[in-house]
There are 2 protein chains.
Amino acid sequence: MSSDTVDDAGVYLLDEESALVFTTDFFTPVVDDARDFGRIAAANAVSDVYAMGGSPLIGVNIVCFPDGDLPPELLAEILLGSREKMDEAGAAVVGGHSVSDRELKFGLAVIGKVAPERLVRNSGAAEGDVLVLTKPIGTGVMTTALKNEALDPEGLARVTAVMSELNRSASAAMVEAAADAATDVTGFGLLGHAVGMAKAGGVTLELDVASVPLIEGAMDAISAGYRAGGLFSNQHYYRKFTKVKSRADALLLELLNDPQTSGGLLVALPEDRVEVFAAAYAEAGGERYWRIGRVLPRGEKPVVLV
Amino acid sequence: MSSDTVDDAGVYLLDEESALVFTTDFFTPVVDDARDFGRIAAANAVSDVYAMGGSPLIGVNIVCFPDGDLPPELLAEILLGSREKMDEAGAAVVGGHSVSDRELKFGLAVIGKVAPERLVRNSGAAEGDVLVLTKPIGTGVMTTALKNEALDPEGLARVTAVMSELNRSASAAMVEAAADAATDVTGFGLLGHAVGMAKAGGVTLELDVASVPLIEGAMDAISAGYRAGGLFSNQHYYRKFTKVKSRADALLLELLNDPQTSGGLLVALPEDRVEVFAAAYAEAGGERYWRIGRVLPRGEKPVVLV
């Protein structure tokens with residue numbers, strides 16, 4: 001239940017042909033626009049299902065709302081954004097639960113379905129696999145800049161687009177390519193989720209720092225000193241699991257610990273299936289992905305940065 | 001999504017033989033003991049599944065926790081209580097989501113399974129049906145008395161026992177008796193949920209006020225002036241749907257609006273199946289139920305109190 005152990009969804013085998021994936025996530029607003037927040041929260045909530053190769057079926061809204069302080073229209077906008085994104089994901093919203101709270105929080109509990117033989121866990125990364133990432137990072141520093149009114153409209157549009165994007169195409173592609181392992185990149189940052197995948201698989205992940213994609217504006221945000229609180233705790237926690245051989249810029253290394261909201265999928269798959277992945281990804285409407293490293297036999301540390 | 005429309009769980013048909021029931025509920029502590037709070041929250045969360053005739057399969061914890069202000073051991077106790085109750089319900093807890101929050105809140109999102117032909121909705125109440133209630137009411141006034149340090153230990157033990165009790169036996173019995181309709185009695189109070197059942201079924205529910213069971217101590221609590229905030233809003237909202245012919249004590253009438261936490265099932269079933277219900281309920285370990293009224297053709301108001 002603690003944040004250390006729960007980043008993937010729970011799985012329940014219904015019968016030989018189908019399993020349920022069950023996940024929940026909710027948080028305080030990361031952007032000011034209510035409808036965008038709803039979209040982002042929904043994209044984020046279904047992401048755990050996609051990370052396991054499943055399809056979202058149904059969601060229920062989870063709402064903490066300051067009834068007296070905020071207009072009900074704002075909640076209506078959030079729910080509208082959420083529903084739009086759930087529609088796009090092909091999932092139904094079947095209700096929800098609302099509590100009165102001092103601080104607005106929103107998210108969903110989501111059920112997905114997956115055929116057991118298509119289930120992708122975070123534990124299967126194998127020596128020789130290539131590591132692929134499907135979204136650039138930097139949402140934490142950029143939304144922190146936004147909170148401090150230090151993000152320009154173009155930067156806001158870019159980070160909003162990244163966070164609102166479903167991981168559906170990436171999920172379809174990795175299932176098609178029979179990927180060995182996957183995880184979605186969220187609160188623990190790229191490095192933290194890489195450590196999780198390495199430990200679960202008993203391997204070492206080598207990340208080529210220079211090839212890690214950044215959202216345009218992320219480097220400016222961290223250069224200007226905008227860091228989410230979670231960046232520091234990730235840094236503190238994952239340092240001992242990481243060997244740094246890279247001579248990359250210190251700020252770039254820090255960004256590996258930036259907590260992501262609705263980040264992309266980190267996928268491990270054999271070199272000879274990357275082409276299948278790429279073709280399936282494009283076919284499903286995916287636009288960009290990056291090769292950011294490879295899987296080594298378990299070495300001194302779970303992750304090595306080169 | 002509003003509190004007006006969502007008291008039952010969402011249902012999703014998987015195939016001809018099985019449907020999923022999906023529900024979520026969480027709230028601030030109703031008792032001081034952390035483990036009891038966990039038990040109550042879990043019993044309450046699975047109640048929606050039982051109300052539809054289903055079996056809880058899996059749950060995920062939903063935690064809002066003031067990290068700095070409360071010791072982590074307290075959260076551990078809550079989770080332990082929740083897991084005990086989920087074990088009793090035969091459901092697995094497969095993770096959860098935790099956010100830092102100023103005010104402690106806990107609950108679960110729960111998936112249940114139900115065979116479509118056994119699904120009991122709140123809309124099927126038919127003229128001539130008997131109304132049965134499986135738990136006494138009064139949890140709102142008694143927990144309000146508790147918050148004001150005006151509930152004696154025996155009263156606390158009684159209300160805790162009522163709120164921690166699973167609706168499993170009641171659910172099994174109503175399915176066995178092929179009940180026409182059911183709902184669990186929660187935040188809208190007995191009257192509010194009766195109105196919901198009446199409106200959904202296009203009938204009028206006649207409640208015999210004198211036969212409505214009260215938790216011992218509930219009348220003392222309301223006499224002493226302890227009322228939950230929700231009691232007033234329920235009173236205000238459901239007044240227009242209710243015809244009062246009863247000459248019962250005003251306080252007793254007020255208690256029909258008392259918001260319940262983890263209340264019992266209100267079940268509508270044909271007179272000639274009450275014996276089947278009673279036998280199945282006892283067989284499943286149920287101890288008490290009360291006949292509290294009957295279903296009439298739709299009259300002037302959805303509910304009439306006699």
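Across the stretch B:80-94, what is the total count of residues that are surrounded by fewer than 21 Cβ atoms within 10 Å (Cβ to Cβ) and closer than 18 Å to B:D33 by Cβ?
4
Would you pick out the residues in the stretch B:292-306 that are acidic (D, E) and within 16 Å of B:D208 (Cβ to Cβ)?
none
So, in the stretch A:50-77, exactly how many residues are part of a helix (DSSP H, G or I) and either facing another protein chain (nearest Cβ under 10 Å) or out of contact with any helix residue (DSSP H, G or I) (no Cβ under 8 Å at 6 or more places or on another chain) (or both)?
4
Report every pair of residues separated by at least 6 positions or lying on different chains whose Cβ atoms are under 6 Å apart, first residue within the stretch A:29-41 and over 13 Å from A:S262 (Cα atoms), second open to solvent by 40 Å² or more (accessible area, probe 1.4 Å).
If the second residue must be open to solvent by 40 Å² or more (accessible area, probe 1.4 Å), the pairs left are A:A34/A:L74; A:A34/A:E77; A:R35/A:E77; A:R35/A:L80.
B:D33 fails exactly one of the following numbered conditions: (1) buried (at least 21 other Cβ atoms within 10 Å of the Cβ); (2) farther than 17 Å from A:F26 by Cβ. What is the number of that condition?
Of the numbered conditions (1) buried (at least 21 other Cβ atoms within 10 Å of the Cβ); (2) farther than 17 Å from A:F26 by Cβ, the odd one out for B:D33 is (1).
Check every one of the strands (runs of 3 or more DSSP E) wholly within the stretch B:210-298 and list those with 3 or more residues that are surrounded by 16 or more Cβ atoms within 10 Å (Cβ to Cβ) and touching a residue at least 40 places away in the same chain (Cβ under 8 Å).
By residue number, B:265-269, B:290-297.
What about B:G201, is it open to solvent by 20 Å² or more (accessible area, probe 1.4 Å), touching a Gly at 6+ places or on another chain (Cβ under 7 Å) and of a type in the set (G, A, S)?
Yes, satisfied.
With A:L133, A:L166 as the choices, which residue is touching a residue at least 40 places away in the same chain (Cβ under 8 Å) and within 30 Å of B:F65 (Cα to Cα)?
A:L166
Go through the stretch B:171-195 and give me each residue that's open to solvent by 30 Å² or more (accessible area, probe 1.4 Å) and closer than 26 Å to B:V276 by Cα.
B:A172, B:E176, B:A178, B:D180
Being in contact with a strand residue (DSSP E or B) (Cβ under 6 Å, 6 or more places away or on another chain) and part of a loop (DSSP other than H, G, I, E, B) is the filter here; which residues of the stretch A:127-145 pass it?
Result: A:E127, A:D129, A:T134, A:P136, A:G138.
Looking at this structure, is B:S123 outside any helix (DSSP H, G or I) and not assigned by TED's automatic domain parsing to the domain that holds B:V21?
Spelling it out, B:S123 is indeed outside any helix (DSSP H, G or I) and not assigned by TED's automatic domain parsing to the domain that holds B:V21.
Inside the stretch B:146-183, can you point out the residues that are among the acidic types (D, E) and assigned to a helix (DSSP H, G or I)?
Passing the criteria: B:E154, B:E176.
Taking A:D180 as the residue in question, decide whether it is free of Cβ contacts under 8 Å to residues at least 40 places away in the same chain and charged (D, E, K, R).
No; evaluated as a whole, the condition is false for this residue.
Please state which one of A:D129, A:D69 is crowded, with 23+ Cβ neighbours inside 10 Å and over 19 Å from the mean Cα position of the chain (by Cα).
A:D129
Among the residues of the stretch B:95-110 satisfying the criterion of being part of a loop (DSSP other than H, G, I, E, B) and within 11 Å of chain A (Cβ to nearest Cβ), which is most open to solvent (accessible area, probe 1.4 Å)?
Within the stretch B:95-110, the match that is most open to solvent (accessible area, probe 1.4 Å) is B:R102.
Quick one: which residue in A:A200, A:A228, A:A161, A:A170 is within 17 Å of A:W290 (Cα to Cα) and either under 18 Å from the mean Cα position of the chain (by Cα) or in the same structural domain as A:D25 (by TED's automatic domain parsing) (or both)?
A:A170
Here are some conditions: (1) touching a Gly at 6+ places or on another chain (Cβ under 9 Å); (2) within 11 Å of chain B (Cβ to nearest Cβ); (3) in a strand (DSSP E or B). A:A45 meets all but one. Which one does it not meet?
(3)
Determine which single condition A:K113 fails, assuming it passes every other condition in (1) crowded, with 22+ Cβ neighbours inside 10 Å; (2) within 14 Å of chain B (Cβ to nearest Cβ).
Unmet condition: (1).
The values are calculated or read from the model by the stated rules, or taken from the named source; none is laboratory data. Quick caveat: nothing in here was measured; it's all calculated off a predicted structure. Using ideal geometry, Cβ is built from the backbone for each residue, glycine included, and neighbour counts are taken over all protein chains shown. Each accessible area value is taken on the protein alone, full model and side chains, heavy atoms only, with ligands, DNA and RNA left out. Shrake-Rupley method; radii C 1.70, N 1.55, O 1.52, S 1.80 Å.
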